[in-house]
Amino acid sequence: MKSRYSAYAVGNSKYIMNTTHMLNPEYSEDKKTWEENIQNFMKDSNFNALEILEFIDGTPEAFVTFKANIDINEVDNTFTEKSKFIKENEKWFYVSGEFNQEDIETQE
């Protein structure tokens, strides 16, 4: 999770794509459009802080609950998410995330 957050912060869209599992809804075979979407998100965002709240290590699945402090177009979009990762061929891939509903409601 830390490496993906860092990749977003420094604008490394290729890393995000290479660590996203094919089961993730954002995964796309249209690599050019997918990368453009990621780059647009990164361009509009400031990644201020990441706090790991819980880590459940397992094989082949692991879960990370984190709080991300992100401003999108200068608006605070801080959220908490529980992410699911799957390990395949000794490499971890981001599969999905569940947002904390309270965070979403607070921002609306």
Among GluC sites (Glu not before Pro) in segment 23-93, those in a DSSP loop whose Cβ has at most 16 other Cβ atoms within 10 Å are Glu26, Glu29, Glu74, Glu90
Neighbour-count ranking for Lys91, Lys67 (other C-beta within 10 angstrom, fewest to most) reads Lys91, Lys67
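Report the relative contact order of the chain, percent, no decimals, based on alpha-carbon pairs under 8 angstrom and at least 6 residues apart.
21 percent
Let me have the relative contact order for segment 45-99, percent, based on Cα pairs under 8 Å that are six or more residues apart. Intermediate values should be presented prior to the final figure.
Values: 117 pairs, mean separation 15.8, N = 55.
That works out to 29 percent.
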Site Tyr5, offset 7 angstrom along Cα→Cβ, radius 16 Å on amide nitrogen, limited to segment 57-81, gives 63-72, 77-81
Both in Å, the radius of gyration and Dmax of the C-alpha trace of segment 2-107 are 13.8, 40
The size of the Cβ-based charge dipole (Lys, Arg +1; Asp, Glu -1) of the chain about the Cα centre, to the nearest 20 debye, is 580 debye
Net charge near Pro25 (other residues with Cβ under 15 Å of its Cβ; Lys, Arg +1; Asp, Glu -1) is -4
Here segment 33-49 yields Karplus 3J(HN,Hα) values (6.51, -1.76, 1.60; θ = phi - 60°; whole Hz; Gly and Pro given as x) of 5, 4, 5, 4, 4, 5, 5, 5, 4, 5, 5, 8, 10, 10, 9, 8, 6
Any chymotrypsin sites (Phe, Trp or Tyr not before Pro) in segment 4-84 that lie in a DSSP loop and have at most 15 other Cβ atoms within 10 Å would be Tyr27
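Bear in mind these aren't lab numbers, they're just calculated from the coordinates by the rules spelled out. Only a predicted model underlies this, so the values are computations on that prediction, with no experimental measurement involved. Heads up, the Cβs are rebuilt from the backbone with ideal geometry, glycines too, and the neighbour counts pull from every protein chain shown.
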